[in-house]
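The structure appears right after this line, and notes come after that.
Any read-out appearing in this document is the output of simple, stated calculations on the displayed coordinates, not a laboratory observation. Note that this is a predicted model, so its numbers are computed, not measured. Cβ placement follows ideal geometry from the backbone for every residue including glycine, while neighbour counts extend to all protein chains displayed.
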Amino acid sequence: MYSCHHRYVGLLSLTARDLLHRIAEDTGQSFTELARRVNDEMASGKGIMDAVRKILIKNGLDPNEYRLSPVRIVNRITHLLEEEYSQTLMISAVLAQMVESTDKDRFPPPAFFIFLELLNSVPEAKQTTNLSLSSEIDEKTTEIIELTTTLVSIICSWSKQGITGVARDCPDELRDLARVVARKTRLYQAGLWTCLSCGKVVDLKDTRALLCSECDAKIYGDLEDMPVRTYHERERTGFGKTKKGPELE
């Protein structure tokens, strides 16, 4: 979940990365070691804040001074999604590709479910004609990845097998969101997927581009009627990293 190429900036932590950087600075310990310990604790079924609290108490620090606010995280994600419609569309496509990826930087489905729920809750912003730089898309995508993965680690209850339900300290206003994520994750773990277009639950093996076969066939048919346009988009290879397509090399 974590890497060590960002430094903690400012006093307000919105992501697990930022919080661990703050703890690393205040304790003089290695960020990498702290991240490993948190990941180990979470692998055994502990929530992220329980894992962090254990480290803080061991180092004589007040856990109340090192908090992550799920409500603030939701507000930040929502702000990013509402900021520019064209960028949001591009970020959605990148995250969908990352969910389907089989490499180590795959976007976790529970975090993607959070992204979709929040995306559906914001009003569609007016289309803009601003040309978005790939670096801006990269930065926003990376931030959304870190925010959503942090959020799902806070509001959902975990076991060694994965998400089991709603975390006991999940804020009341986010409990419905946590329930949806837990339900969709359980379906996914059972080999089922909720089509992004029609919402029908289908066998995961029968999906294409995260759509059921019927919706995929309809969209493919619509595309056949459109003028052919050949281009190569940037392919994401990791959090905040891309490699260039053939025409950009």
Worksheet entry | Set of aspartates and glutamates near residue 218 by C-alpha distance (under 16 Å), chain-local residues within fewer than 8 positions excluded | 206
Fill in: For a label point 7 Å along the Cα-to-beta-carbon line of residue 196, residues of the stretch 83-113 with backbone N under 14 Å
88-101, 107-113
Response to the item:
Karplus ³J(HN,Hα) for the stretch 25-34 (6.51 cos²θ - 1.76 cosθ + 1.60, θ = phi - 60°; Hz, whole; x = Gly/Pro) runs 5, 6, 9, x, 8, 6, 4, 4, 5, 4
Worksheet, complete the sentence: Here the alpha-carbon Rg of the stretch 69-190 over 2.2 N^0.38 Å rounds to 1.07
Worksheet item: Between residue 189 and residue 82, what is the spin-label point distance in nm, taking each point 7 Å from the Cα along the Cα→C-beta axis?
Response: 3.4 nm
Discussion item. What distance in nm lies between label points placed 7 Å from Cα along the C-beta direction at residue 44 and residue 101?
Written reply: 3.0 nm
Item to complete: List 119, 177 from most exposed to least, where exposure is judged by having the fewest other Cβ atoms within 10 Å.
Response: 119, 177
Worksheet item: Mind listing the phi-derived Karplus ³J(HN,Hα) values for the stretch 171-188, rounded to whole Hz, using 6.51, -1.76 and 1.60 with θ = phi - 60°, and x for any glycine or proline?
Response: x, 4, 6, 10, 5, 5, 4, 5, 5, 4, 4, 5, 5, 5, 5, 4, 4, 4
Item to complete: Name the long-range amide H neighbours of residue 157: under 5 Å, sequence gap of 5 or more, or other chain; modelled H, no Pro or chain starts.
Response: 164, 165, 166, 167
Fill in: Ranked 211, 118, 151, 20, criterion: other C-beta atoms within 10 Å, fewest first
118, 211, 20, 151
